[in-house]
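Trainee: Take a look at the following structure, please.
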């Protein structure tokens, strides 16, 4: 008869094997031109914003890096809380062109004037589901990314889930790729 101790040890080993497999897969670098799975971003509230900023700041080298950058940018850009002071946008300004950052600053000022802080929570959590790159060629200086997102809107205790694409225009500058425009569809 199998002892209880043997069963527990076997269960622990079975739990560790998938973890090792996932860690090895994450460390493998895809070959150039190979599609990579974009995992959905999770709640990008204040406690996760720092990690998201670190992820988005990684050097961008190929089409898969552009996909990851666009997906992370869209997730944070679209995640909002009426109690966060538009940190979702202001923290992304280093990854925007000067003209888009100027638009973002004006947008934040306008929205803060129109919508004073409320003690009743409302917010949107945006998750990236898929990122498609249009018009990318080797040496391209402008790229269009269409990011399909799931947006979970919460207001007055009610939650609504919608699926909404956002089109990002990225331009290559001396400092790497930057977002020059974002348009929700």
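Trainee: With a Förster radius of 22 Å, plug the Cβ-Cβ distance of residue 113 and residue 155 into 1/(1 + (r/R0)^6) and report the FRET value to the nearest 0.05. Walk me through the numbers before you get to the answer.
Mentor: Values: r = 20 Å, r/R0 = 0.90.
Efficiency, from the Cβ-Cβ distance: 0.65.
Trainee: Which order results if 103, 177 are arranged by neighbouring Cβ count within 10 Å, fewest first?
Mentor: Working: 103 16, 177 22.
Arranged by neighbour count, lowest to highest, 103, 177 become 103, 177.
Trainee: Test of understanding: ordering 86, 73, 100 by Cβ neighbours within 10 Å, fewest first, what list do you get? Provide the component values of the computation, followed by the final result.
Mentor: Values: 86 17, 73 27, 100 20.
Ascending number of Cβ neighbours within 10 Å: 86, 100, 73.
Trainee: Separate question: May I ask you to sort 171, 179, 143 by Cβ crowding, counting other Cβ atoms within 10 Å and putting the fewest first?
Mentor: Lowest to highest Cβ neighbour count: 171, 143, 179.
Trainee: While we're on this one: Viscosity 1.567 mPa s, temperature 4 °C: give me the Stokes-Einstein translational D for segment 55-147 in µm²/s, with Rh taken as the Kirkwood radius over C-alpha pairs.
Mentor: Details: Rh = 14.7 Å.
Stokes-Einstein gives a translational diffusion coefficient of 88 µm²/s.
Trainee: Computed FRET efficiency, Cβ-Cβ of residue 106 and residue 183, R0 22 Å: what is it to the nearest 0.05? Don't skip to the end; give the middle numbers.
Mentor: Values: r = 16 Å, r/R0 = 0.73.
Computed FRET efficiency for residue 106 and residue 183: 0.85.
Throughout, read-outs are computed from the coordinates displayed, never taken from laboratory work. Remember, predicted model here, so these are calculated numbers, not experimental data. When we count neighbours, we look across all protein chains shown, and the Cβ atoms used for this are built from the backbone with ideal geometry, even at glycine.
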